[in-house]
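Since the structure comes first, as structure tokens, the remarks are kept for the end.
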Amino acid sequence: MQVVAVQSIANNKETPWVNKLNSQARQSAADRAWQSITRFYQNCHAKIPEKKGFPRFKKHSRSVEYKLTGYKLSDDRRKIKFTDGFKAGEFDLWCSQKTLVYYSEQQIKRVRVVRRADGYYCQFLIDVERQEYYKPTGQITGIDLGLKEFYTDAQGNTVENLRYLRKSEKRLKKAQRRLSKRFCQGNKQSKNYHKQRIKVARLHLKVSRQRKDKAIKDALALVQSNDLVVYEALKVRNLVKNRKLAKSISDASWYQFTEWLNYFAKIYRIVCVAVPPHFTSQDCSVCGTRVQKTLSTRTHQCPNCQTVLDRDHNAAINILKKGLQYLGNHLNASTSLGIDTERSRSVNGTVGQTETDPNA
């Protein structure tokens, strides 16, 4: 059915550019479209309470993916030439040739050309097993994600929340105001409008890259310094429904951080556990007494055992305890079923979470 649909689009006179594209690139685009449609219907049948993910229209100029044909790399991996009907020609590769030299052409499975606000980028999918040397540290920790501090661990250490969007708001407002003034209702937009639109897009792209860079560095540092990391399984989609905190929550980029945390946990073969966040800030980490607090109350004071701790530090200790309890139950269940727990740990370094590269 997919092949017939792709062939009919290629022969359609209204879309002549499709016929110029490499056949495998056409098939790859059809595969991604079909996956999004299938996912939408699966969500509809599952009757999930959130949005079902109806496929959105995307411009054909956003990206194109080649599999094994349609491109050719130079011997020194410094240039790439596209050989399909578009006749785009040959392009220089920047910052990638040193890495690509180590891989043969047989290992490069796909090449994706992606358009960003500041130019075009080539993404290479390489078939290679990534192995990192890891020396056990004997350390375990739990982390409480927050807005005041990005996270607080069970030892009381904190990582600053840099708030990249908040810091860029002044420049963004100024750039968006200029863009709004250059917009002409009902007319073709001027070149100055499109120049300003690109400036606004680049500012947003910079914020996005800053968030990603920080998420990668924080996740990698956490994985390299601990043998066990426990964190809260927060439902960010529900949290951003709070209009007063939605921008701050999105700016913190918790979901991206946890995705990279799980990815590096698999690469370095450590255990990463997500636990339910219920009452981690309310319960006392020493005696277990539930002490009700508002969001503005930043200090935990237990009336039963007189413990005084920072609210986030107390929550991080509770999160670590929940993770250890979960692992204890998992270990007991595995032992009773006769499962090799050492093999289970080495294969499933991340418990109950995705194990794919967040960039994929």
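Since every read-out is calculated from the coordinates, none of them should be taken as a lab result. Given the structure is predicted, the values throughout are model-derived calculations rather than measurements. Note that we place each Cβ from the backbone using ideal geometry, even for glycine, and neighbour counts take in every protein chain shown.
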Cys residues of the chain counted as unpaired, since no other Cys beta-carbon is under 4.7 Å: Cys44, Cys95, Cys122, Cys184, Cys272
Where the Cα pairs of region 2-126 fall when distances are cut into 5 Å bins, in %: 2, 9, 16, 20, 16, 14, 11, 7, 4, 1, 0
Interatomic Cα distance distribution for region 168-323, bins of 5 angstrom, percent: 2, 8, 12, 13, 15, 13, 11, 8, 6, 5, 4, 2, 1, 0, 0
Sorted peptide list for 315-324, 290-299, criterion being average Cβ within 10 angstrom, highest first: 315-324, 290-299
Asn187/Glu105 FRET efficiency (R0 56 Å; Cβ-Cβ; nearest 0.05): 0.65
Linear extension gain, Leu295 paired with Ile37, 0.36 nm per residue minus alpha-carbon span: 88.8 nm
Lys51-Glu169 FRET efficiency (beta carbon distance; Förster radius 25 Å; 0.05 resolution): 0.35
Sites Gln282 and Arg130, calculated FRET efficiency, Cβ-Cβ separation with R0 45 Å, nearest 0.05: 0.65
Prolate/oblate/rounded call for region 217-307, Cα gyration tensor, a/c under 1.5 rounded: oblate
Distance (nanometres) between label positions extended 7 Å along Cα→Cβ at Lys81 and Asn19: 2.6
Considering only the chain, percent of DSSP beta bridges that pair antiparallel, nearest 5: 70
Too-long pairs where the Cα-Cα distance tops 22 Å, listed order kept, from Lys148/Lys244; Lys59/Lys235; Lys244/Lys293; Lys148/Lys212; Lys170/Lys206: Lys59/Lys235
Shape category assigned to region 224-265 from the gyration tensor of Cα positions, a/c cut at 1.5: prolate
Principal axes of the chain: Cα extent on each, largest first, Å: 76, 58, 46
Protection-proxy order for peptides 199-211, 81-93, 262-274, 234-246, each taking the mean of Cβ atoms within 10 Å per residue, highest first: 262-274, 199-211, 81-93, 234-246
Whichever lysines have a C-alpha closer than 17 Å to that of Lys87, once near sequence neighbours (fewer than 8 apart) are set aside: Lys20, Lys72, Lys79
